[in-house]
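The values are calculated or read from the model by the stated rules, or taken from the named source; none is laboratory data. Since this is a predicted model, take the numbers as computed values, not measurements. In this analysis, Cβ positions are derived from the backbone assuming ideal geometry, glycine residues included, and neighbour counts consider all displayed protein chains.
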Amino acid sequence: MAKDFTLKKEVGTKKSYEPRLLGSIVSEMLHSDSPLAVGYRQYIASQVNDESEDCGLHINTELGCDLKTILHSDQRMKPGKAYRGVLRFDSEAIVDEFLCHDPHFTFVEIEPQNRKRNPQVFNGQYITFTMRDDGSLHPNFKPMKVDEDFNIEKYATGVANELMWALQDLLEK
């Protein structure tokens, strides 16, 4: 006599067989107690807690996002080039199709300063004058060329004359 070993366990309701969004399936899978979900959560926790290794996902990593760039120096960002600027988090929408986050960021490059710092306002043979941001004038000596033809009196007289000419010219302006 043969025994009938049939399973009479209900697998699901009719509603569970309807089409579902991919995001809801993945979300349900990763938030359940399945071995895959538990392993994934342990992996993420180990990556966040172990800062000595620079691999994997970190707590401040955005895997997929929209980034709008406003650049002054280039039309498009170039690979490997560093840009100075401000990154602003605009919004975070939830895409209904996948039930996932869709963050939007805007990067605004800081306009490069074309103004030369401490510009030279006088350039002579022996000295130069630079003007600081506060408007003060600073004399700077050029390197002396000391050789067999070097004459101390000629050098000192040349420095004194240039200093007098520069100050007269600059203070009259």
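Do we have residue 148 as in a loop (DSSP other than H, G, I, E, B), more than 37 Å from the chain's Cα centre (by Cα) and of a type outside the set (Phe, Trp, Tyr) here? So residue 148 fits the description; yes.
So that you can scan it fast, the table gives a plain yes or no per residue for (1) among the hydroxyl-bearing types (Ser, Thr, Tyr); (2) surrounded by fewer than 12 Cβ atoms within 10 Å (Cβ to Cβ); (3) modelled with pLDDT under 85; (4) closer than 30 Å to residue 27 by Cα:
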{"residue": "43", "(1), (2), (3), (4)": "yes, no, yes, yes"}
{"residue": "68", "(1), (2), (3), (4)": "no, yes, no, yes"}
{"residue": "84", "(1), (2), (3), (4)": "no, yes, no, no"}
{"residue": "106", "(1), (2), (3), (4)": "yes, no, no, yes"}
{"residue": "122", "(1), (2), (3), (4)": "no, no, no, no"}
{"residue": "137", "(1), (2), (3), (4)": "no, no, no, no"}
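Within segment 11-34, residues that are part of a loop (DSSP other than H, G, I, E, B) reach partners that are at pLDDT below 70 with beta carbons closer than 7 Å, at six or more positions or on different chains, in the pairs 21/97; 21/98; 21/99. Is it true that residue 57 is modelled with pLDDT under 70, surrounded by 11 or more Cβ atoms within 10 Å (Cβ to Cβ) and under 30 Å from residue 20 (Cβ atoms)? Spelling it out, residue 57 is indeed modelled with pLDDT under 70, surrounded by 11 or more Cβ atoms within 10 Å (Cβ to Cβ) and under 30 Å from residue 20 (Cβ atoms). Screening the candidates 62, 92 for the property of being assigned to a strand (DSSP E or B), modelled with pLDDT under 75 and surrounded by 10 or more Cβ atoms within 10 Å (Cβ to Cβ) yields one hit, 92.
Looking at the structure I just gave you, is residue 159 modelled with pLDDT of 80 or more, part of a strand (DSSP E or B) and among the aliphatic types (A, V, I, L, M)? Judged against the criteria, residue 159 is not a match. All told, residue 102 meets the bar of being at pLDDT below 75, of a type in the set (D, E, K, R) and either part of a loop (DSSP other than H, G, I, E, B) or not assigned by TED's automatic domain parsing to the domain that holds residue 31 (or both).
Among the residues of segment 74-89, those identified as in a strand (DSSP E or B) and in contact (Cβ under 8 Å) with a residue 24 or more places away in the chain are 85, 86.
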